[in-house]
Amino acid sequence: MNVLGIIGFGQNPAACVLQEGKLTAFVEEERMTRLKSSDGMFPAKAVSWCLKSRKLTLEDIDVIAFGWDAGKYPWQIGKNFTSNYLKYRGAARRAHRVRKDSSATYLALETLFEYHPDRIVSKIHQGLRAAGLRGKFPPVEFVSHHMAHAYSTYFCSTFSEAGILTLDGSGEDICTQLLIARDDNVQVVESYPIPHSLGWFYAAVTQYLGFIPYRDEGKLMGLAALGEKRSADNKWIEPLSKVLIIKDGKYEVNPIYTKFGGHFYADRYTDEFVKLITDVDREAQPIFYGDKVEIDGEIKSRYLHDIYIDIAWAEQELMERARIMLGKKLVENYGMKNLCIAGGVGMNCKMNGEIFQQTGAENIFVQPASSDNGTALGAAMYVAQQYGEDVRNPL
């Protein structure tokens, strides 16, 4: 059986081929286009390369696995957005002293129909034709985004039993999941729904410090290391703890700082987030990409100012606390000695090191393609397994 796994129309589009359950081709679209992340694109060149490298045509493909469950659109996702909007709407309006904030509503409505299953299938067909592929279209099967992340890491590990932690911006209506895997069975044990996204919190601070969100989080991770020497006196843990709230073995992300409210400065954080930071220090104004300032007599990027270095350290610290807590839950509550990690937030290598050292896990495996590119692989594995194939591909 030949399965074509794809992910597209968002971050890190990619494609892969599984033949009899074994991975034989896998590439990210950016490697072909030379456009970093190739955001929003269909993985046309990646699909073409995967098929050509295996001497396959479109008609040789039995099924296409897509790493996003479009079947949840529009009704289930619409219900999630409506309940959260009603829950936080009053707080957002009071915080910003505005009568209406329609931007989040318009974006949500647009997304509901953009990811409608019929529309996604149509866009996949258009993308395949635009890639020059001819022949009959294989059927398309949708796979839950976080389940695809989970499959991509567990079935590429050498473990026969593991706790799985998937963390990203969002996958349909979920942003974090804890799963348990034994042999070929993967089971969800805990989910964190939108808007409680560690990825959104990560992106908010990334953009506030003048980086490009969903691309430059690694630069924020590197910047955080420079704040270690002043960590004992860091004044940003307390205010940022109002955004990422960790207590009683769980965490929350308050969306009035990330999504619901005015977005005068940027799209990943609200005006209330700016107020939260500048109330602590008026000099800590948001940075815009490429901003320069004189530091110690030299013109440097503004984020190299001690204030922003310390904000980066506080963000990294809080993210580590949240993830260590989740990892400990898999180890202590479910008896897992091995941990598998995937999802865009799973690319923070410093954080992964802390999880390994502080959770009590004996072994850890992180999917190298932890961002959305890996869900092309995970979706293909999930679908192939449903057809009875052994999809273990240890790296």
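Taken together, the residues in region 221-257 that are under 17 Å from Q316 (Cα atoms) and touching a Pro at 6+ places or on another chain (Cβ under 7 Å) amount to 1. When residues in region 209-243 are screened for being crowded, with 19+ Cβ neighbours inside 10 Å, of a type in the set (A, V, I, L, M) and over 14 Å from R268 (Cβ atoms), 4 of them pass. I'd like to know if region 356-365 contains one or more residues that are in contact with a Gly (Cβ under 8 Å, 6 or more places away or on another chain), modelled with pLDDT of 95 or more, open to solvent by less than 30 Å² (accessible area, probe 1.4 Å) and among the aliphatic types (A, V, I, L, M). Scanning region 356-365, I find at least one residue that is in contact with a Gly (Cβ under 8 Å, 6 or more places away or on another chain), modelled with pLDDT of 95 or more, open to solvent by less than 30 Å² (accessible area, probe 1.4 Å) and among the aliphatic types (A, V, I, L, M), so the answer is yes.
Any chance you could count how many residues in region 11-23 are open to solvent by 20 Å² or more (accessible area, probe 1.4 Å) and farther than 18 Å from L395 by Cα? Final tally of qualifying residues: 2. Restricting region 24-71 to residues that are polar (S, T, N, Q) and surrounded by fewer than 19 Cβ atoms within 10 Å (Cβ to Cβ), the residue that is farthest from the chain's Cα centre (by Cα) is T57.
Looking at region 123-130, is at least one residue polar (S, T, N, Q) and either modelled with pLDDT under 95 or under 17 Å from N12 (Cα atoms) (or both)? Within region 123-130 (the criterion being polar (S, T, N, Q) and either modelled with pLDDT under 95 or under 17 Å from N12 (Cα atoms) (or both)), the answer is no, since none of the residues qualifies. Of everything listed in (1) open to solvent by 10 Å² or more (accessible area, probe 1.4 Å); (2) part of a helix (DSSP H, G or I); (3) in contact with a strand residue (DSSP E or B) (Cβ under 7 Å, 6 or more places away or on another chain), the single unmet condition for L330 is (1).
Restricting to region 285-318, count the residues that are small (G, A, S) and crowded, with 20+ Cβ neighbours inside 10 Å. Full working, then the answer.
Applying the first criterion (small (G, A, S)) to region 285-318 yields 290, 297, 301, 312, 314.
From what's left, crowded, with 20+ Cβ neighbours inside 10 Å: 312, 314.
So the answer is 2.
Assessment of region 231-239 against the conditions (of a type outside the set (D, E, K, R), free of Cβ contacts under 8 Å to residues at least 24 places away in the same chain and in contact with an Asp or Glu (Cβ under 9 Å, 6 or more places away or on another chain)) yields no matching residue. Annotation for region 195-207: at least one member residue is in contact with a Cys (Cβ under 9 Å, 6 or more places away or on another chain), touching a residue at least 40 places away in the same chain (Cβ under 8 Å) and among the polar types (S, T, N, Q). Those strands (runs of 3 or more DSSP E) of region 174-265 in which 2 or more residues are out of contact with any Lys or Arg (no Cβ under 9 Å at 6 or more places or on another chain) and within 30 Å of R392 (Cβ to Cβ) occupy 174-182, 185-193.
The values are calculated or read from the model by the stated rules, or taken from the named source; none is laboratory data. Not measured: the values here are computed from a predicted model. Please note: Cβ atoms are built from the backbone with ideal geometry, for glycine as well, and neighbour counts cover all protein chains shown. Ligands, DNA and RNA are stripped out before the accessible areas are found, and what is left, the full protein with its side chains, is counted by its heavy atoms. Shrake-Rupley method; radii C 1.70, N 1.55, O 1.52, S 1.80 Å.
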